[in-house]
Number of protein chains: 6
Amino acid sequence: MVAAMHMKRAFYIGRFQPFHLGHQAVLEMIAKEVDEVVIGIGSAQKSHEVTDPFTAGERVMMIRHALGDTGVPHYAMPIEDIQQNTVWVSYVSSRTPPFEIVFSNNPLVIQLFREANIEVKQPPMYLRSQYSGTEIRKRIVHDMEWKHLVPPAVVDVIEEVNGVERLRNISKTDYA
Amino acid sequence: MVAAMHMKRAFYIGRFQPFHLGHQAVLEMIAKEVDEVVIGIGSAQKSHEVTDPFTAGERVMMIRHALGDTGVPHYAMPIEDIQQNTVWVSYVSSRTPPFEIVFSNNPLVIQLFREANIEVKQPPMYLRSQYSGTEIRKRIVHDMEWKHLVPPAVVDVIEEVNGVERLRNISKTDYA
Amino acid sequence: MVAAMHMKRAFYIGRFQPFHLGHQAVLEMIAKEVDEVVIGIGSAQKSHEVTDPFTAGERVMMIRHALGDTGVPHYAMPIEDIQQNTVWVSYVSSRTPPFEIVFSNNPLVIQLFREANIEVKQPPMYLRSQYSGTEIRKRIVHDMEWKHLVPPAVVDVIEEVNGVERLRNISKTDYA
Amino acid sequence: MVAAMHMKRAFYIGRFQPFHLGHQAVLEMIAKEVDEVVIGIGSAQKSHEVTDPFTAGERVMMIRHALGDTGVPHYAMPIEDIQQNTVWVSYVSSRTPPFEIVFSNNPLVIQLFREANIEVKQPPMYLRSQYSGTEIRKRIVHDMEWKHLVPPAVVDVIEEVNGVERLRNISKTDYA
Amino acid sequence: MVAAMHMKRAFYIGRFQPFHLGHQAVLEMIAKEVDEVVIGIGSAQKSHEVTDPFTAGERVMMIRHALGDTGVPHYAMPIEDIQQNTVWVSYVSSRTPPFEIVFSNNPLVIQLFREANIEVKQPPMYLRSQYSGTEIRKRIVHDMEWKHLVPPAVVDVIEEVNGVERLRNISKTDYA
Amino acid sequence: MVAAMHMKRAFYIGRFQPFHLGHQAVLEMIAKEVDEVVIGIGSAQKSHEVTDPFTAGERVMMIRHALGDTGVPHYAMPIEDIQQNTVWVSYVSSRTPPFEIVFSNNPLVIQLFREANIEVKQPPMYLRSQYSGTEIRKRIVHDMEWKHLVPPAVVDVIEEVNGVERLRNISKTDYA
């Protein structure tokens, strides 16, 4: 407990729409290098959009229960979009436990943390063409197989909140 | 894991400036009635003010490490002030895992959740005159004993971030 | 109908917490000088506060139904606080039908419209010590007579939304 | 008057850029099923854009004067975009008189109200290819016939505010 | 000095991503007609985007040092996007010294100032196909010649802040 | 010019309601230690309030014309309040030319810049009881001598915008 402040922590951000096995594989890899992972849930204010169907609370649930068995000590923290890149790093830092390294493949995230003199590593892309939120949302909308691409706990959360129906409904146009 | 969505959860909100033994006693009591507690960290956007010295991230750290040994399964979620009472319940609900009962003694919090048909219970005030954030901040500023009023992990966090010096500095006026 | 754009309109703003007989008397007087009155419902985003208990929608209802019989053709338009006095006149103007005269006793409102070269008249204060929102809210909280100070339709609205109970509840402190 | 709170009200939202005969036909149909219609003027903060040329105040004028003769008792309420779908229903509800049914063909509006357990009906699309804001704005820009597609009062409002010139001007590019 | 308030001032707005010789040529022309030029730096809150790579502070530096030798007395004022066209003119006016004429080729800027009864002139486009921010940013990203298109002081600022590297980095996609 | 980026700059922030001889004395002192002074105009969004009567643009004018003769090379940059202390330093830094030292007596400003590892010096208070915005505004309202407390150019600006009348008007209450 006394050592709490001295743990080595990494930061990893995604939108997790939804959280999938690609995310999980990367997090398990990151967990081998640090004591705890601070997971930023990006675009936290969004939900009920075709590209962002799930609420921040639903995504917190997905992550917590998916990672429960994996031995990835973590914090799942919603991060709202703020539209001002110059203050983004300090915004994130003030809403999260302290971290000393960032794992990201997003060019803007990499640039902003590097300008703030924070170390950034690029994790390997885990079968990205397959494990991608875009692909999974498309499969849900078109009634194709998708459950094998996410942890079982994520299937639970999506079913519990009627996420399949929600995503299909908001994917309709308002023309007959 | 499959049962994740079906756990009984309570919501408890505070500013936790800082998290103290009164908060901990109430949370231990709440934990006996539910499976998990969703802890809302209020006024999350504030810090470096005389009444709100610590950042949301620092308060997440206090809560996580203070509760680590206590057997209180929880989520610590920052909640920003939004200044529109009519949307506050839906704002909170969208940023947190689902909960079915609220524990609060704040008249506005009670009123808003009850208007939304969510059950509210008022927990006993645990030695409130002694265990209060106002009292603890006053003691820190005036160099009086305060460490016995908070969990040891909170002392750690405050010392690590130079919280005593920060609070004393911002308590000065700009007149000599 | 063709003359719609050419009607003479006045603007009158208040918080209407709640709408009372003093407001109504002033509006009836204003209605004698113009064709229609644009009523701005100030601090529209506020509710469930001791000084601002009612929502914008509830205040729209109060005004519409109180004025129904009085022959005061009007528009009741919510106006949110924007905290930037220099843009306030253009903000109001863009959210309301066009008006050519303002009735107000508020020094800031008078100053802002006059700087924008819009005519302002100060209506007589109608028994202000008696017909004041502050007085009426105090009476509601302390269980004193208040219904004779507002139009009957306002009593209806307040009762329908359990406004008396709401105002009393949020007036409590969270100390025993 | 006493019955004010007990009227049956429907909610109908649109951007009304501009208000046209298709809107009017739908509102006349809705008016047969309820006592009053609460008309939400969406994207109220927008104006002077190619897809949103008219201010909220101008749209209030269009609706009030177009519906004046039609026997559609209504409230025309500006609703600003808030970019947070999860709080949108409570946002709308707090700024409008209470309603018990929603009429909409917009998939997101339908989904959000249904998740909030509010009844939604889909009105028939009234000659949508003809009576559409997009079509009317295109006709105004290209100097084609458009006045037969809107109520006469809307022609008045648009002419009075020099709306044709405004829309054509903002449709230009800044390249010669 | 006493004459300060009585100087004739023009307003000219751009995003200046980056400030280039086309801007400078136009400003030198405007400076011949007025005593001082108020330069609005648009989208001031943006930076680190492919179309908006530089911060407001960096753009202030570019303008100040580029214009230092040119005899263009000016104020360089950041103007944030506000997304409400109806209040934009008063927003700009409250954040800038008073001006009596606007120079712009942007249709929306022209329309908004003209609706506010402020005179607008359209300056000649100075070799626009060549001197355009879009063109210069494209050249920087693709390692083509660009320094001849901007004043030497702008090259200095961009190099000092590692602007070339920044723009190239954020132009990458996150796919390998 | 080439050396532009390498100048030594200081940052100094105030509300300047209005700019007075105390500010000027401090700025002249700071100017001896650096090449240029970046002057932040705090609470830039405020005006027409008893404690903040002048707009950001008016304050820019005061500073520019008061410092014109004094040999204080400077930038006067409006800084809006953002209500999030943790991002304030990066917010300021992104809207201003780069600076390496801060001069301030405000405890919060000092604390925030020091936490960001930026050097802070406390300038001597120049006859603070006399040269204070509070004192000057009080004198203006009560028709006492005030012009000897500000530079002549500030008198000009205040008179030109009818600032005395404005401040007196907004200082009235709306009770007779």
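The values are calculated or read from the model by the stated rules, or taken from the named source; none is laboratory data. Since this is a predicted model, take the numbers as computed values, not measurements. Positions of Cβ are backbone-derived with ideal geometry, glycine not excepted, and every protein chain shown enters the neighbour counts. Please note that ligands, DNA and RNA were not included when accessible areas were found on the heavy atoms of the full protein model with its side chains. Shrake-Rupley method; radii C 1.70, N 1.55, O 1.52, S 1.80 Å.
Data overview
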read-out	value
Filtered residues of the range A:80-111 (kept if open to solvent by 30 Å² or more (accessible area, probe 1.4 Å), more than 8 Å from every other protein chain (Cβ to nearest Cβ) and in contact with a helix residue (DSSP H, G or I) (Cβ under 7 Å, 6 or more places away or on another chain))	A:Ile82, A:Trp88
Residues of the range A:144-176 that turn out to be under 19 Å from A:Met61 (Cα atoms), charged (D, E, K, R) and not in a helix (DSSP H, G or I), as a count	0
Residue list for the range B:78-111, restricted to those being part of a loop (DSSP other than H, G, I, E, B), touching a strand residue (DSSP E or B) at 6+ places or on another chain (Cβ under 7 Å) and within 20 Å of B:Phe16 (Cβ to Cβ)	B:Ile79, B:Arg95, B:Thr96, B:Pro97, B:Phe99, B:Ser104
Within the range B:69-79, considering residues that are open to solvent by 30 Å² or more (accessible area, probe 1.4 Å) and not β-branched (Val, Ile, Thr), the one modelled with the highest pLDDT	B:Pro73
Selection status of E:Leu27, touching a Leu at 6+ places or on another chain (Cβ under 8 Å), of a type outside the set (S, T, N, Q), at negative phi and open to solvent by 20 Å² or more (accessible area, probe 1.4 Å)	no
Test: residue in the range B:43-58 that is within 9 Å of another protein chain (Cβ to nearest Cβ), part of a helix (DSSP H, G or I) and open to solvent by less than 10 Å² (accessible area, probe 1.4 Å)	yes
Restricting the range A:144-153 to residues that are surrounded by fewer than 18 Cβ atoms within 10 Å (Cβ to Cβ) and more than 14 Å from chain B (Cβ to nearest Cβ), the residue that is farthest from D:Arg128 (Cα to Cα)	A:His148
F:Tyr75 of a type in the set (Phe, Trp, Tyr), touching a strand residue (DSSP E or B) at 6+ places or on another chain (Cβ under 9 Å) and within 11 Å of another protein chain (Cβ to nearest Cβ)	yes
Matching residues in the range A:122-133 - criterion: being in contact (Cβ under 8 Å) with a residue 12 or more places away in the chain and loosely packed, with under 15 Cβ neighbours inside 10 Å	A:Gln122, A:Pro124, A:Leu127, A:Arg128, A:Gln130
Leading residue by the ranking (nearest to the other protein chains (Cβ to nearest Cβ)) among those in the range C:63-72 that are closer than 15 Å to C:Ile158 by Cβ and touching a strand residue (DSSP E or B) at 6+ places or on another chain (Cβ under 9 Å)	C:Arg64
Residue in the range C:31-38 that is touching a strand residue (DSSP E or B) at 6+ places or on another chain (Cβ under 9 Å), aliphatic (A, V, I, L, M) and in a helix (DSSP H, G or I) present	yes
Residue in the range C:154-165 that is within 14 Å of chain D (Cβ to nearest Cβ), over 19 Å from B:Leu112 (Cβ atoms) and open to solvent by 30 Å² or more (accessible area, probe 1.4 Å) present	yes
Filter result for the condition that a residue is at pLDDT 95 or above, within 18 Å of B:Glu49 (Cα to Cα), open to solvent by 50 Å² or more (accessible area, probe 1.4 Å) and not hydrophobic (A, V, I, L, M, F, W, C), over F:Glu115, F:Glu119	F:Glu115
Residues within the range C:112-143 that are of a type outside the set (Gly, Ala, Ser) and either assigned to a loop (DSSP other than H, G, I, E, B) or within 14 Å of chain E (Cβ to nearest Cβ) (or both), tallied	16
